[in-house]
Amino acid sequence: MSAATTRSRTPDRLCAEAVDLARGAAEEAAAPGVVGEHAGLLSEGDRVVTHYFECKELGYRGWRWAVTVARASRAKIVTLDEVVLLPGPDALLAPEWVPWSERLRPGDMGPGDLLPTDAEDLRLEPGFSGEDEPVPSSAVSHEMAELVEAEDAEVTAGVPANLSVAPSRGSIASVAEELGMRRARVLSRYGLHVAADRWEESYGAKTPMAQAAPASCVTCGFLAPIGGSLGQAFGVCANEFSPADGRVVSLTYGCGGHSEAAVMPKPPRPAPPVIDETRVDPFPLRPAADSGSVSVGADEDSAELGHS
C-alpha cells in the first residue's frame, strides 16, 4: 500500500474543520431552514473531504446535503468544491426504473394504446418467402437470365411461346392474398408453445374450476373448435354462464356449465284437486214442477187436501 493511499483515508485536518464553510454553502444552495445537523464527513482523497448535513425538507426523508471541500497542496485556505443533495442509507427512493417492455402485463392495454412488436420477436416468423420471385421456368427468373448470358442469347420483346411465365394472378403473393393469408409474419413454434402454456395455466386441467368440474370441455356442446395446430388441444368457450365465456380453454378444462353434466328436471305437475273449483254447478231459484211426488196432472180434490 502506497503512502498516498494511506494519506487519502485520513481526513485532512483543515478540510475536516471547515464545517461552517460547508454549512454556509449548503444553506445557500438549499431553501431556508432545511439544512439540519452535521451528520459526519468522509475523506474522498488527499485534502478532499465531504461534509454531510441532515435534510429537513419534506419528501426527502433520509437524504443528506453533501458539501465537498478541498485544499491545494501547501495551502492553508480551504475552498468549496461542490454542493449536492444525495440519498442516505435509509433514504426514501423511487423504485428502480424498468423498461416498458418488461413491466407490461396482460390486460394493461386500453382503447387507443399501441403496442409495437420487436422485429426480432421470437414469437413470430416470416409468413412466406418468395413474394416477388417468379417460378424457375419463367422467362424473367434469375435462372433463365443466367442461361441467356451463358449462351450469349438476346432477350427480345414479348414472351416466347415455348416459355412459361408466372402470371401475376397465380403468384404466391396473389394466392395468399386471395386466401386471406398474406401476412408478413406468423406465429413461430416458440410463439405457439408460449401461448399454449399461458392458456393451459389460465384455463387448463390443473385449475380449481377444472378439478371440481363434472366433465371436461372436450365433450361439452358449448365448445367452439379452432383451426390450426392449437385446435388439437384448445377451443373457445361459448357458454355465457361459464367463467371462461369467450376465452380460449384447454380441452381438459371444465366447469359446472357443461352441456351434458346435468339434465334439467321436469317441472312438477300438481296433483288433481279433490274439489273441482274450476266448474260451476247450477242451482235453480224455484223447484221444478216434476220434482215432487205429486204429478203435474193431479185432480183438484187431491190438490185441496194437500200432500204430506
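The values are calculated or read from the model by the stated rules, or taken from the named source; none is laboratory data. Bear in mind that the values here come from a model prediction, so they are computed numbers and not experimental data. Cβ sites come from the backbone with ideal geometry, for glycine too, and all protein chains shown count toward neighbours. We work out accessible area using only protein heavy atoms, side chains counted, and drop any ligands, DNA or RNA first. Shrake-Rupley method; radii C 1.70, N 1.55, O 1.52, S 1.80 Å.
Worth pointing out:
- With both labels modelled 7 Å from their Cα along Cα-to-Cβ, the residue 108 to residue 42 distance reads 3.3 nm.
- Surface accessible to a 1.4 Å probe, residue 79 within the full protein complex, Å²: 70
- Karplus-derived HN-Hα couplings along region 241-256 (A = 6.51, B = -1.76, C = 1.60, θ = phi - 60°), whole Hz, x at Gly and Pro: 8, 8, x, 10, 4, x, 9, 7, 10, 6, 5, 8, 6, x, 8, x
- The label point for residue 198 and the one for residue 211, both projected 7 Å from the Cα toward the Cβ, are 2.5 nm apart.
- Per residue, the solvent-accessible area of region 6-70 (1.4 Å probe, heavy atoms of protein chains only, all protein chains present) comes to 56 Å².
- Selection of trypsin sites (Lys or Arg not before Pro), region 184-240, meeting DSSP coil and at most 11 other Cβ within 10 Å: 206
- Net charge contributed by nearby residues that have their C-beta within less than 14 Å of residue 207 (K/R +1, D/E -1): 0
- Proximity of backbone amide H atoms, modeled 1.01 Å from N, is registered between residue 56 and 35, 36 at under 5 Å, excluding neighbours fewer than 5 places apart on the same chain.
- Karplus-derived 3J(HN,Hα) values for region 53-66, using 6.51 cos²θ - 1.76 cosθ + 1.60 with θ = phi - 60°, are 10, 5, 9, 9, 6, 5, x, 10, 5, x, 7, 9, 7, 10 Hz; glycine and proline are entered as x.
- Long-range Cα-Cα pairs in region 185-266 (distance over 20 Å), rounded percent: 30
- Simple rule: put +1 on each Lys or Arg Cβ and -1 on each Asp or Glu Cβ in region 25-115, find the dipole, and look at 59, 39, 94; the Cα lying farthest toward the positive end is 39.
- Gain in span if fully extended, residue 266 to residue 77, counting 0.36 nm per residue against the direct Cα distance: 57.7 nm
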